[in-house]
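Chemist: Sharing a structure below in structure tokens format, with a few things to ask.
The values are calculated or read from the model by the stated rules, or taken from the named source; none is laboratory data. Just so it is clear, the model here is predicted, and its values are computed rather than measured. Quick reminder, even Gly has a Cβ in these numbers, built from the backbone with ideal geometry, and neighbours come from all protein chains shown. These accessible areas exclude ligands, DNA and RNA; they are computed on the full protein's heavy atoms, side chains included. Shrake-Rupley method; radii C 1.70, N 1.55, O 1.52, S 1.80 Å.
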Amino acid sequence: MTLREQYLAILQIRELMPNTIETYMSLFDSFMRHCESINTKPENVLPEQIIFYLSQIKSESTRMQAKGTLTNLYTFVLHQAFKTMGIPNPKRHYHAVDYLSLTELNSIFNQVKNTKQITILKLQYACALRGSEVCNIKKKDFIKKFDIHSKWHIYDLRICGKGGHTDIIPVPQETIAEIRNYYLNYLSEKERQSEYLFPGQFKDGYSIGTVQKIIRKAMYNLGISKEGNHSSHLMRISRGTHLLLAGVDISFVQKLLRHKNIKTTQRYYNGVKTDDLRVVFSGADTFLKESLSTELNLLNQQKQIKAA
């Protein structure tokens with residue numbers, strides 16, 4: 001087996017997600033090209049050369065992924081773990097996350113006319129899904145059950161998320177109605193034979209790249225810009241932020257977003273705009289005033305009863 005085949009086998013044994021494997025393999029190839037450029041085999045590379053290589057990577061996230069790529073290579077394939085053990089993990093800087101306002105979100109929904117595409121975006125927003133997750137949903141991933149409270153059938157969605165973890169997410173009834181309309185009135189008989197909810201044109205699942213283009217085009221046409229973020233991840237970010245602004249407890253939002261660390265969810269607070277805060281605080285002030293008024297009325301009634 002070649003070194004590349006050995007490395008790929010290690011990633012597959014670790015049962016990483018396909019997109020993660022693709023990223024690691026791309027970074028592996030990049031490091032191999034670097035080794036060729038300095039006329040050195042990977043097994044002969046010195047720790048200080050690895051440090052220099054990583055230091056030349058400008059992107060913070062790519063540098064972290066490259067460090068993980070080389071750690072896997074030297075630990076599990078070349079059995080020279082000492083070469084990466086002393087290299088510190090790149091410091092992660094958490095930036096405020098930008099999101100779509102409800103007005104902007106509805107404008108995008110109205111801009112997209114294709115039934116399949118709008119159903120994808122609405123499902124991604126409703127369940128706060130990653131782009132790869134919504135594209136890979138299969139029909140069998142929906143779990144139908146009877147709700148004794150509403151006396152109605154409801155649906156949950158089984159998601160294979162980041163790191164291969166499986167999670168169960170509730171799907172709003174209006175979203176189920178959108179999906180049912182899409183499935184019955186849009187899909188051809190041939191497309192209905194696919195195991196995927198959103199079958200692609202040339203492969204099994206819908207292309208995440210196409211979803212990105214749909215949002216970029218809609219945002220461009222509407223003149224919406226979000227700190228350089230024009231990806232489908234905006235749907236997930238916006239859903240989480242909107243729930244926080246609506247007063248949903250952050251622990252429930254963390255559960256929906258499936259963040260391991262609540263600090264990741266807390267980043268959503270950092271991006272909240274002043275205008276949105278004004279609306280939230282205005283609603284809170286109205287509630288407090290009404291509560292105070294109710295309390296004062298009760299006290300006055302008690303005083304009148306005692307006086308009588």
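Chemist: Of all residues in the stretch 145-204, count the ones that are touching a Pro at 6+ places or on another chain (Cβ under 7 Å) and assigned to a helix (DSSP H, G or I).
Modeler: 1
Chemist: Still on this model: So if I check each of ILE237, ILE215, ILE224, which one is touching a Ser or Thr at 6+ places or on another chain (Cβ under 7 Å) and either farther than 28 Å from ASP141 by Cα or in a helix (DSSP H, G or I) (or both)?
Modeler: Answer to the check: ILE215.
Chemist: Is there a residue being open to solvent by less than 80 Å² (accessible area, probe 1.4 Å) and touching a residue at least 24 places away in the same chain (Cβ under 8 Å) anywhere in the stretch 284-293?
Modeler: No, the stretch 284-293 has no match at all.
Chemist: Can you tell me which condition HIS233 does not meet? The list is (1) more than 22 Å from LEU100 (Cα to Cα); (2) open to solvent by 40 Å² or more (accessible area, probe 1.4 Å), and all the others hold.
Modeler: (1)
Chemist: Then there's this: Of all residues in the stretch 195-212, which are among the polar types (S, T, N, Q) and either closer than 18 Å to PHE109 by Cα or in contact with a Leu (Cβ under 7 Å, 6 or more places away or on another chain) (or both)?
Modeler: If the condition is that a residue be among the polar types (S, T, N, Q) and either closer than 18 Å to PHE109 by Cα or in contact with a Leu (Cβ under 7 Å, 6 or more places away or on another chain) (or both), then THR210, GLN212 are the ones that fit.
Chemist: From the list ILE250, ILE215, pick out the single residue that is among the β-branched types (Val, Ile, Thr), within 22 Å of PHE109 (Cα to Cα) and in contact with a helix residue (DSSP H, G or I) (Cβ under 8 Å, 6 or more places away or on another chain).
Modeler: One residue alone meets the criteria, ILE215.
Chemist: For the stretch 244-282, what are the residues that are in a loop (DSSP other than H, G, I, E, B) and within 17 Å of the chain's Cα centre (by Cα)?
Modeler: Across the stretch 244-282, the qualifying residues are ARG258, HIS259, LYS260, ASN261, GLY271.
Chemist: When only residues in the stretch 1-22 that are of a type in the set (Ser, Thr, Tyr) and open to solvent by 40 Å² or more (accessible area, probe 1.4 Å) count, which is modelled with the highest pLDDT?
Modeler: THR2
Chemist: Take the conditions within 13 Å of VAL97 (Cβ to Cβ) and either modelled with pLDDT under 80 or exposed (fewer than 12 other Cβ atoms within 10 Å of the Cβ) (or both) and apply them to GLY271. Does it pass?
Modeler: Answer is yes for this residue.
Chemist: Moving to a separate point now. Determine which single condition ILE237 fails, assuming it passes every other condition in (1) modelled with pLDDT of 90 or more; (2) out of contact with any Phe, Trp or Tyr (no Cβ under 6 Å at 6 or more places or on another chain).
Modeler: Condition (2) is where ILE237 drops out.
Chemist: Can you tell me which residues in the stretch 65-95 are at pLDDT 90 or above and either under 24 Å from the mean Cα position of the chain (by Cα) or acidic (Asp, Glu) (or both)?
Modeler: Selection gives GLN65, ALA66, LYS67, GLY68, THR69.
Chemist: Looking at GLU227, GLU195 in this structure, which one is modelled with pLDDT of 90 or more, open to solvent by 40 Å² or more (accessible area, probe 1.4 Å) and acidic (Asp, Glu)?
Modeler: GLU195
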